[in-house]
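K.L.:
Supplied in structure tokens, the structure appears directly below.
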Amino acid sequence: MPKAKQKKRKNTFQYNVNRKKLNRKAKKKSAPRISCDQIRNAWDDSKSVASNLADMGLAGDPNKVLPIHANPVKETDVEKTRIIRKPYVIEGLKVAASVPSKKTMGISSDMVQYVRYMVENYREDYKAMARDEKNYYQDTPKQIKRKVNLYKQHHLKDYEALLSSVAKP
């Protein structure tokens, strides 16, 4: 059987490409991005990971920092060996951790309309809600109760106003 023909072309060097710049760019791109602002700002590229973390007062390996011993070791021995050169990193992390996170989960406007309709007509009779013709997805009474509770969590004032408006007539 004949061999497949290969394209024969002379290898040429590209003089217009800066190899040093290419290598630097590739190295920077392959390095992981540190998502924490405090750590990224205090990071020193000339040092190793372990020495960077030690300077910040953080642990790369928690088993080495706090080993499990059969006999309890005095904490003062462990604390004396660690020197923190960048204490502002830990302070920044504590401040960032103390800020409460926003609730990103919400409920859709369709669900709000559905729950408002059900509560206006049936108050807390979930079995009657399950038999309603607007229950398109054929939710069970427990599923409807879960949806109402979710609405209560996100819109407590609206739910209380809705109950008070239904109770008046």
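The values are calculated or read from the model by the stated rules, or taken from the named source; none is laboratory data. Just so it is clear, the structure is predicted and the values come from calculations on it, not from any experiment. Every residue, glycine among them, receives a Cβ derived from its backbone with ideal geometry; neighbour counts consider all protein chains shown. Heads up: the accessible areas ignore ligands, DNA and RNA and are worked out on the full protein's heavy atoms, side chains in. Shrake-Rupley method; radii C 1.70, N 1.55, O 1.52, S 1.80 Å.
K.L.:
So what is the 222 nm mean residue ellipticity for the chain from helices alone, if each DSSP H run of at least 4 adds -39500 (n - 2.57) and you divide by all residues, rounding to the nearest 500 deg cm²/dmol?
P.N.:
That calculation yields -16000 deg cm²/dmol at 222 nm.
K.L.:
Something else: Multiply the residue separation of Arg9 and Asp158 by 0.36 nm, subtract the distance between their alpha-carbon atoms, and state the gained length in nm to one decimal.
P.N.:
Length difference between fully extended and current span is 46.1 nm.
K.L.:
While we're here: For Lys152, Lys47, give the ranking by accessible area with the largest first, probe 1.4 Å.
P.N.:
Putting Lys152, Lys47 in descending order of accessible area: Lys47, Lys152.
K.L.:
May I ask for the distance between the Cα centers of segment 1-65 and segment 103-169, given as a whole number of Å?
P.N.:
54 Å
K.L.:
Now for a different question. For percent of Cα pairs over 20 Å apart, the choices are [x] 75; [y] 48; [z] 57; which was calculated from the structure?
P.N.:
Only one listed value fits the structure, namely [x].
K.L.:
Just to check, using Stokes-Einstein with a Kirkwood Rh over alpha carbon pairs, what's the diffusion coefficient of segment 75-153 at 10 °C and 1.306 mPa s in µm²/s?
P.N.:
So the translational diffusion coefficient is about 95 µm²/s.
K.L.:
Still on this model: Between Arg146 and Asp37, what is the FRET efficiency for a Förster distance of 35 Å, r being their Cβ-Cβ separation, to the nearest 0.05?
P.N.:
0.35
K.L.:
Quote the accessible area belonging to Tyr117 in square angstrom, nearest 10, computed with a 1.4 Å probe and with ligands, DNA and RNA left uncounted.
P.N.:
Only protein atoms counted, so the area is about 60 Å².
K.L.:
Not counting ligands, DNA or RNA, and with a 1.4 Å probe, what is Asp44's accessible surface area in Å² rounded to the nearest 10?
P.N.:
Around 50 Å² of this residue is reachable by solvent.
K.L.:
Further, regarding this structure: If the only charges are +1 at each Lys and Arg Cβ and -1 at each Asp and Glu Cβ, what is the size of the charge dipole of the chain around the Cα centre, to the nearest 20 debye?
P.N.:
Using only the charged Cβ atoms, the result is roughly 2180 debye.
K.L.:
Whole-Hz ³J(HN,Hα) for each residue in segment 100-116, computed from phi via Karplus 6.51 cos²θ - 1.76 cosθ + 1.60 with θ = phi - 60°, x for glycine and proline: what do you get?
P.N.:
These are the phi-based 3J(HN,Hα) values: x, 7, 6, 6, 8, 7, x, 10, 6, 5, 5, 5, 4, 4, 4, 5, 4 Hz.
K.L.:
Still on this structure, please answer the following. Could you work out how far helix 19-30 tilts from the main Cα principal axis of the chain, as a 0 to 90 degree angle to the nearest 10?
P.N.:
30 degrees
K.L.:
Please list Leu22, Leu162 from largest to smallest accessible area, probe radius 1.4 Å, with all protein chains kept in place.
P.N.:
These residues rank, largest area first, as Leu22, Leu162.
K.L.:
Next question, about the same structure. How large, in percent, is the carbon and sulfur part of the accessible surface of the chain at a probe radius of 1.4 Å?
P.N.:
Answer for the chain: carbon and sulfur cover 53 percent of the accessible area.
K.L.:
Related question: Roughly how many Å² of Thr104 are accessible to a 1.4 Å probe, to the nearest 10?
P.N.:
Surface accessible to solvent at Thr104 totals approximately 140 Å².
K.L.:
Projected onto the charge dipole of the chain (+1 at Lys/Arg Cβ, -1 at Asp/Glu Cβ, origin at the Cα centre), which of Met56, Pro67, Asn121 gives the Cα projection farthest towards the positive end?
P.N.:
Met56
K.L.:
Oh, and also: Before I look further, what does the chain give for accessible area per residue, probe 1.4 Å, in whole square angstrom?
P.N.:
89 Å²
K.L.:
Further, regarding this structure: Whole-Hz Karplus ³J(HN,Hα) for segment 2-17, in order, using 6.51 cos²θ - 1.76 cosθ + 1.60 and θ = phi - 60°, x for Gly and Pro?
P.N.:
Using θ = phi - 60°, the values come out as x, 7, 6, 6, 10, 6, 9, 9, 6, 6, 10, 8, 8, 6, 7, 9 Hz.
K.L.:
On to the next question. For the full complex of protein chains and a 1.4 angstrom probe, list Arg85, Arg123 by accessible area with the highest value first.
P.N.:
Sorted by accessible area, descending: Arg85, Arg123.
K.L.:
For the pairs Lys5/Lys29; Lys27/Lys86; Lys28/Lys103; Lys25/Lys86; Lys64/Lys103, flag any whose C-alpha to C-alpha distance is greater than 32 Å.
P.N.:
Lys5/Lys29; Lys28/Lys103; Lys64/Lys103
K.L.:
Report the paramagnetic label zone for Val95: residues of segment 30-59 whose backbone N is under 15 Å from a point 7 Å from Cα along the Cα-to-Cβ axis.
P.N.:
Answer for this model: 37-42.
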